[in-house]
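The values are calculated or read from the model by the stated rules, or taken from the named source; none is laboratory data. These figures come from a predicted structure and were not determined experimentally. Note that we place each Cβ from the backbone using ideal geometry, even for glycine, and neighbour counts take in every protein chain shown.
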Amino acid sequence: MPLFYRFYAALCGALLLLSHSQAQTVSVADAGIRPDTYENITARVQQVIDEAIRTGKTTVTFPKGRYDFWPDGAIRERYFISNTATEAEDSLKIRIIGMLFRNARNLTIEGSGALFVFHGKMTTIVLDRCENVKLQNIHVDFERPTMSEMRYAKVANGEVELDIQRDARYAIRDGRLEWFGEGWKTTHFHAVEFDTTLKTMRYSDWKPFANAQATEISPGRVRFKTRVTPKPGNILTVRDIIRDQVGMHIRECRNVTLEDVGMHYMHGLGIVSQYTENITMRRVTCAPRPETGRMIASSADFMHFSGCRGKVTVEDCRFSGAHDDPINVHGTNLPIVGRPDVNALKVRFMHGQSYGFNAFFPGDTVAFVHSASMERFAHGLVKAVSRLNDREVLLTFEKPVPAGLEEHDCVENMTWTPEVLIRGNHFTRTNTRGILLTTPRKAVIENNTFFRTGMSAVLIEADAEGWYESGPVRDVTIRNNEFIDCAYQGGPGNAVIAINPSNKVVDARRPVHFNIRIEGNTFKTFDYPVLYAKSTRGLFFGNNRIIRTNDLDPQSGNHHMFWFNGCTNVEVSDLKLEGEVLGKNIRLENMPKSNIKLSGSPKLIFE
């Protein structure tokens with residue numbers, strides 16, 4: 001074929017592909033939706049989304065700019081979401097949804113750097129039973145966050161003056177300050193204080209101010225008569241504890257990706273992924289926009305993965321300003337409350353904030369768990385699932401249930417457990433943990449930085465009593481991370497890394513967790529504790545550096561570097577100590593010294 005014809009054919013093919021691509025893309029601008037109008041676009045955007053899904057479009061685009069979403073015209077849908085609110089706090093479970101994607105397939109939402117600003121109390125985005133969906137280049141924020149922030153400006157003579165952050169709204173009625181927003185008023189208070197010098201977050205109390213005589217000196221500055229003497233310059237943050245909405249909800253989906261997304265404020269709980277297969281969070285920023293001057297970006301967790309499977313990947317993300325844990329990965333243990341047949345069990349959601357969602361499906365493999373020991377002692381295959389009410393579920397199995405079931409034993413769904421990779425992230429400005437992790441599949445936590453998390457930077461539990469968050473781990477690697485001044489306000493043993501299952505029976509011969517490797521990390525710590533581990537078999541702590549820091553004062557009651565309780569096959573090797581490191585010692589409980597091996601390390605004392 002002559003060169004001209006080859007060129008012509010290639011050009012025609014390229015134009016055809018371009019035309020096809022354009023036909024598969026829809027812009028909100030095509031529906032007359034323009035940025036920077038400050039108009040309520042909620043209903044019109046939902047029409048674009050619904051039509052794109054109906055017609056099989058592959059991309060929905062937003063030209064760069066600001067788009068405003070209000071509750072008026074929003075879809076109101078009932079969703080039971082893990083770890084949110086009790087029946088007394090929120091019996092209806094109605095979510096006010098900014099953008100609902102239901103049954104979307106092979107769809108990309110391209111934000112082009114757009115800013116989505118939400119008003120009132122809303123769940124910003126819901127992905128419901130979607131597959132192969134990607135959200136990218138989007139920023140999400142609220143005009144008036146449900147978090148109120150203020151700086152201690154002056155403290156003297158029984159008075160405290162507070163400078164209130166410009167996005168907060170307040171009123172003084174009968175001499176008392178009230179917080180309000182667009183269609184809401186704070187009635188339940190939870191407070192956390194940020195030390196602007198030490199960069200630490202600690203639990204605080206709003207009551208001294210709620211009950212104090214308040215006077216507005218000038219717009220944004222309020223004087224309180226109170227005996228408290230806070231540190232001038234520190235920032236007090238106050239929120240309502242009711243989790244009636246969430247930042248984003250990903251429900252029963254498959255292959256979901258968030259990439260280059262900014263979640264700058266989330267009400268109630270953060271991004272809640274629930275019974276979803278394969279989730280990737282890449283370059284997601286959970287932090288306030290710098291231009292707002294705010295400190296807090298979520299009133300609870302940032303990323304919450306409940307009952308997911310496949311692979312959960314959180315990579316190159318930034319977490320700053322959560323009132324709870326940046327990352328929480330777990331399942332749900334449901335205690336057995338009835339045995340109606342030889343191959344059937346009635347189980348119940350026990351924790352007040354987690355119930356009503358689909359926790360089992362036909363064909364799932366489950367583990368039967370002794371709650372006292374947290375031992376998975378048998379397995380079963382689910383044949384049928386019947387919802388009895390919002391709290392109780394009838395499970396029918398292919399075979400008779402085990403004879404060894406005891407009172408308060410639980411059923412754990414093993415099918416819906418994920419492999420986890422948490423890599424290259426930065427954690428800061430939280431008063432609780434950095435990562436909570438419980439999954440029996442392979443989990444890797446690597447190349448992350450944890451800066452002054454209030455509690456343990458990494459906490460591995462397994463719970464059949466409190467939150468009922470399953471379950472025992474089998475393969476966890478924590479490597480090449482940097483931990484800086486963590487656990488200054490609590491955590492099991494005040495340790496930087498804590499392994500703390502809820503089992504009441506602590507027996508080294510009956511471990512809960514297995515095969516945890518902690519290697520190649522750097523611990524920069526002001527205090528004694530580094531590692532607390534309970535009921536773990538196969539625990540390796542090798543080639544780690546511990547460096548003494550002095551910005552924070554030692555404060556914990558635990559004066560041990562290592563604390564092992566009921567563990568076996570423990571090895572501590574090639575430990576490197578720099579500076580006047582505290583607590584060069586090991587505490588043992590419910591286990592002999594022969595269960596631990598020390599090699600290639602400075603001499604450690606058993607106490």
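Miscellaneous remarks
- Residue-level check: of (1) of a type in the set (D, E, K, R); (2) within 20 Å of T536 (Cα to Cα); (3) in a loop (DSSP other than H, G, I, E, B), E571 misses just (3).
- Per the listing M303, M295, M350, the residue uniquely more than 21 Å from L258 (Cβ to Cβ), in contact with a strand residue (DSSP E or B) (Cβ under 9 Å, 6 or more places away or on another chain) and in the same structural domain as M263 (by TED's automatic domain parsing) is M295.
- Every condition in (1) over 17 Å from the mean Cα position of the chain (by Cα); (2) under 19 Å from H330 (Cα atoms) holds for D485 except the one numbered (2).
- Some residue of region 591-605 being closer than 16 Å to F523 by Cα, surrounded by 15 or more Cβ atoms within 10 Å (Cβ to Cβ) and in contact with an Asp or Glu (Cβ under 9 Å, 6 or more places away or on another chain): yes
- Subset of region 290-315 that is in contact (Cβ under 8 Å) with a residue 12 or more places away in the chain and among the acidic types (D, E) - its residue that is surrounded by the fewest Cβ atoms within 10 Å (Cβ to Cβ): E315
- The residue list A52, A104, A74 contains one member that is buried (at least 20 other Cβ atoms within 10 Å of the Cβ), in contact with an Asp or Glu (Cβ under 9 Å, 6 or more places away or on another chain) and in contact (Cβ under 8 Å) with a residue 40 or more places away in the chain, which is A104.
- Looking only at region 493-503, and only at residues there that are of a type in the set (S, T, N, Q) and over 18 Å from T200 (Cα atoms), the one that is surrounded by the fewest Cβ atoms within 10 Å (Cβ to Cβ): S502
- In region 536-593, the qualifying residues are those that are of a type in the set (S, T, Y) and over 19 Å from V512 (Cα atoms), and the one that is modelled with the lowest pLDDT is S556.
- Exactly one residue out of V155, V192 is more than 25 Å from the chain's Cα centre (by Cα) and modelled with pLDDT of 95 or more: that is V155.
- The lone criterion from (1) touching an Asp or Glu at 6+ places or on another chain (Cβ under 6 Å); (2) in contact (Cβ under 8 Å) with a residue 60 or more places away in the chain; (3) farther than 17 Å from D167 by Cα left unmet by C130 is number (1).
- Taking region 477-492 as the range and being at pLDDT below 95 and buried (at least 24 other Cβ atoms within 10 Å of the Cβ) as the test, only G491 passes.
- When residues of region 450-467 are limited to those that are surrounded by fewer than 24 Cβ atoms within 10 Å (Cβ to Cβ) and over 22 Å from Y528 (Cβ atoms), the one modelled with the highest pLDDT: D463
- Hey, T439 in contact (Cβ under 8 Å) with a residue 60 or more places away in the chain, farther than 18 Å from S306 by Cβ and among the polar types (S, T, N, Q) or not: no
- Extreme residue, surrounded by the most Cβ atoms within 10 Å (Cβ to Cβ), among residues of region 316-364 that are of a type in the set (D, E) and in a loop (DSSP other than H, G, I, E, B): D325
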